[in-house]
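Below is the structure I would like to discuss, written out as structure tokens.
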Amino acid sequence: MKSTDEKASAGNFPRGDEADRCRAHVDLKSSSDTRTRVAVTHVISPACPLFHFDVSLNEEHTWLQVACNGQPVVDLGERIHHYSLLTLARHRLHDANRGYEADSQGWIGIEQLSKMLGLDTGYLNIQIFRARQQLKKFLPDAIGSGAVIERRRGEIRFGGHAFRIMRGAKLEGEFMPQSEEQKILSQLPPSAMSSRSM
């Protein structure tokens with residue numbers, strides 16, 4: 001039988017180079033719906049904060065936990081507005097997987113998002129307000145200057161923070177934004193890259 005740490009490393013955290021930069025300790029705990037949820041207790045990662053969405057298979061329940069810089073995880077519990085955040089995160093992940101540039105990833109019209117969620121636009125705005133308030137209350141230092149929810153005229157998106165989405169017991173996807181160094185290197189012409197490596 002595998003230990004808790006072995007179970008965690010078997011599929012819930014980055015592998016390879018990302019795993020070298022991330023260390024994690026997890027505890028398993030049982031939730032009220034009798035399935036096992038993984039609670040991340042400490043994460044030391046360059047991607048900070050890390051949002052961990054845990055959604056039920058029927059999409060009726062969404063939990064959110066946030067970890068940053070080896071501090072104890074903040075378990076934000078199950079809230080209705082977490083599903084709106086999850087939907088924004090999924091949209092960002094979809095665009096990232098399609099190869100969109102970071103500045104273009106995840107933007108969706110407020111009206112379109114309202115229709116996707118089956119909500120009135122006014123009620124969606126209330127959910128976004130509640131999500132912001134909850135994050136501001138429980139994570140004032142972890143969020144820093146980066147907005148979790150970004151807005152521009154008529155559109156909204158999940159900000160450039162790292163996140164992981166678990167649907168049931170399976171990893172649906174994860175988003176790890178580029179570091180500043182990676183962004184700079186990706187903008188250099190190939191000739192600059194080859195001369196740098198010599």
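May I ask you to list pairs of residues, at least six apart or on different chains, whose Cβ atoms are under 6 Å apart, with the first in region 40-60 being on the phi < 0 side of the Ramachandran plot and aromatic (F, W, Y) and the second being outside any strand (DSSP E or B) and at pLDDT 95 or above?
Matching pairs, first to second residue: F53/L86.
Quick check on region 168-175. Is at least one of its residues closer than 17 Å to V55 by Cβ, among the basic types (K, R), exposed (fewer than 11 other Cβ atoms within 10 Å of the Cβ) and modelled with pLDDT of 90 or more?
Yes, some residue in region 168-175 is closer than 17 Å to V55 by Cβ, among the basic types (K, R), exposed (fewer than 11 other Cβ atoms within 10 Å of the Cβ) and modelled with pLDDT of 90 or more.
Given the condition among the aliphatic types (A, V, I, L, M) and farther than 21 Å from P177 by Cβ, answer yes or no: does some residue in region 101-110 qualify?
At the first step, the residues of region 101-110 found to be among the aliphatic types (A, V, I, L, M) are 102, 108, 110.
Narrowing the set further to residues that are farther than 21 Å from P177 by Cβ leaves 110.
Checking region 101-110: at least one residue is among the aliphatic types (A, V, I, L, M) and farther than 21 Å from P177 by Cβ.
Being among the small types (G, A, S), at pLDDT 95 or above, out of contact with any helix residue (DSSP H, G or I) (no Cβ under 7 Å at 6 or more places or on another chain) and closer than 26 Å to E59 by Cβ, is that true of even one residue in region 138-152?
In the first step, residues of region 138-152 are kept if they are among the small types (G, A, S); the result is 142, 144-147.
Then keep just the ones that are at pLDDT 95 or above; that gives none.
No - not one qualifying residue is present in region 138-152.
The values are calculated or read from the model by the stated rules, or taken from the named source; none is laboratory data. Please read all numbers here as calculations on a predicted model, not as lab measurements. All Cβ positions, even for glycine, are placed from backbone atoms using ideal geometry, and neighbour counts span all protein chains on display.
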